[in-house]
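Since every read-out is calculated from the coordinates, none of them should be taken as a lab result. Nothing here was measured: the structure is a model prediction, and the numbers come from that model. Methodologically, a virtual Cβ is constructed for each residue, glycine included, from the backbone with ideal geometry; neighbour enumeration extends over all protein chains shown.
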Protein chains: 2
Amino acid sequence: MEDRRQVILDAAMALADERGLDAVSMRAVAGRVGVTPMALYPHVGSKAELLDAMMGRLIGELLPPSTGPAEVPASAGQRAEPLPGQLAERWQDRFDQFAHAARNLARRHPWIASLLFSRPAVAPDALRAVDLIYQVLLDAGVPESQVPRLERLVSTFFLGFAASEAGGRFGAGPLDPRGRREQLPEGALPAFSRLVPWLGMHCRLDAEFDADLADLRQMIEAIAEHRDG
Amino acid sequence: MEDRRQVILDAAMALADERGLDAVSMRAVAGRVGVTPMALYPHVGSKAELLDAMMGRLIGELLPPSTGPAEVPASAGQRAEPLPGQLAERWQDRFDQFAHAARNLARRHPWIASLLFSRPAVAPDALRAVDLIYQVLLDAGVPESQVPRLERLVSTFFLGFAASEAGGRFGAGPLDPRGRREQLPEGALPAFSRLVPWLGMHCRLDAEFDADLADLRQMIEAIAEHRDG
DNA sequence: ACCTGAACACCGTTCAAGT
DNA sequence: ACCTGAACACCGTTCAAGT
């Protein structure tokens with residue numbers, strides 16, 4: 001009985017991976033399963049619940065193997081580079097581990113970013129991910145009163161980066177010939193002219209992400225140092 | 001002739017403000033203008049171009065009055081708290097000014113965040129916004145080679161925060177009774193238990209945003225100080 | 001030059017009916 | 001218990017036709 005549900009989820013995720021989130025319609029998913037659209041409803045409730053379930057599964061893949069059965073594991077499909085079963089000792093390494101796992105996941109399943117922004121991640125595994133970052137921040141020495149706020153800051157950046165990468169916000173960039181700079185009067189962009197040598201750099205997003213992580217770690221350390229803030 | 005286009009844009013933005021981005025269909029916009037759906041196409045090209053134009057207008061509202069005519073200004077409608085015509089002297093103040101203007105705009109028009117993530121902001125005014133942040137970072141003493149990357153880091157956070165606020169990601173929070181913590185085994189969330197006293201804080205998102213800005217400013221200062229990075 | 005109307009290929013979801 | 005088929009109220013967009 002739960003078997004049918006997993007098959008439906010598999011089909012929906014495959015469809016999202018292959019043809020984007022817009023291609024995930026109840027009709028298309030049903031077609032892939034080989035069934036009438038209406039046959040899905042008893043199993044997934046509605047389209048919104050289907051999307052929530054897809055999100056929950058992906059977040060589960062992000063985490064180290066659970067100690068308890070939060071959700072039935074994916075029946076088939078590639079498990080996408082989860083965190084290593086053994087977490088690193090240093091908080092800095094755990095921070096980078098999680099960040100890279102999240103970004104790699106988002107690159108494999110680009111549709112997750114827009115989903116995460118559009119609905120509260122209330123799946124059990126989402127809470128485990130939050131708890132993982134909480135622990136990183138506590139181990140770094142961040143005062144307890146600041147930990148929840150910093151978790152939101154950091155995960156907002158991770159999500160934003162993933163969404164930007166997936167949605168193409170970083171893609172074209174200000175040097176794109178279609179960037180309509182010509183429509184602006186001379187001198188309207190004073191800072192651009194000074195920075196022309198550096199404006200092609202964002203093609204190397206891997207290096208950029210690493211540098212961002214280094215800056216965020218430094219920020220966390222600074223907050224941990226003067227704990228009176 | 002351009003008059004009709006502005007009327008259509010007004011209708012689309014009003015619809016988005018009142019009933020959300022999903023309510024902006026070509027048919028609904030046309031109905032509001034008092035015309036057949038197909039009458040829109042000569043003026044706005046397609047739905048995608050209509051959404052781009054809406055985004056361009058909103059970004060224009062964010063900026064101090066342009067020195068050149070980047071776009072015909074909004075014909076009617078509330079102009080939503082743009083930056084003051086006179087920009088602050090200190091980069092810290094300009095940083096906060098811009099961040100607050102962006103957040104207030106996103107609260108007034110919650111649909112902009114999902115739009116910004118889903119298509120590259122290639123409107124002329126978007127480049128002016130990027131240039132404004134470039135200038136702030138340069139004035140802070142950030143090395144030129146790091147400025148474009150830091151602009152993306154900072155604006156990614158701004159956008160992510162706005163999207164999270166608009167989409168409800170911060171909303172329910174981990175203390176929400178529907179947050180299915182009960183489904184997790186005891187001890188699965190070790191850090192949560194230590195932080196229970198602080199988990200209600202995110203209801204005061206205004207204060208949280210200010211604290212985030214302070215941390216980001218500190219990060220920028222740290223990068224400016226050892227310029228050898 | 002500008003708009004209309006019918007049409008095409010889609011949506012999510014309800015409801016009564018089948019087996 | 002599980003699935004189907006027809007229907008309802010929607011989409012964006014094309015195309016030929018009107019004025």
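Things to note:
- Amide H within-cut-off set for B:LEU63, under 5 Å, with H built and near neighbours excluded: B:LEU83
- Counted by neighbouring Cβ atoms within 10 Å, the residues A:SER164, B:SER193 run from fewest to most as B:SER193, A:SER164.
- Using a 7 Å Cα-to-Cβ projection, A:ARG108 label spacings across copies, nm, ascending: 4.3
- The HN-Hα couplings worked out from phi for region A:7-24 by the Karplus form 6.51 cos²θ - 1.76 cosθ + 1.60 (θ = phi - 60°) are 4, 5, 4, 4, 5, 5, 5, 4, 4, 5, 5, 7, 10, x, 5, 5, 7, 7 Hz, whole numbers, x standing for Gly and Pro.
- In sequence order, calculated HN-Hα J values of region B:107-118 (Karplus, 6.51, -1.76, 1.60; Hz; x Gly/Pro): 6, 6, 10, x, 6, 5, 4, 5, 5, 5, 6, 9
- Projected over all directions and averaged, the alpha-carbon convex hull of region A:1-70 occupies 4.9 nm².
- Applied to region B:40-51, the Karplus parametrisation 6.51 cos²θ - 1.76 cosθ + 1.60 on θ = phi - 60° returns per-residue 3J(HN,Hα) values of 6, 4, x, 8, 10, x, 6, 5, 4, 5, 4, 5 Hz, with x for Gly and Pro.
- Per-residue Cβ neighbour rank within 10 angstrom, fewest leading, B:MET54, A:MET26: A:MET26, B:MET54
- Exam field: A:GLY141 pseudo-label spacings to other copies (7 Å along Cα-Cβ), nanometres: 2.4
- Shielding by partners - mean other protein chain Cβ count within 10 Å, residues of A:108-115: 1
- Distant-in-sequence amide contacts of B:VAL35, defined by a placed amide H-H separation under 5 Å and a gap of 5 or more residues or a different chain, comprise nothing.
- Exposure proxy shown here: for B:SER118, B:SER25, the number of other Cβ atoms within 10 Å sets the order, fewest to most, as B:SER25, B:SER118.
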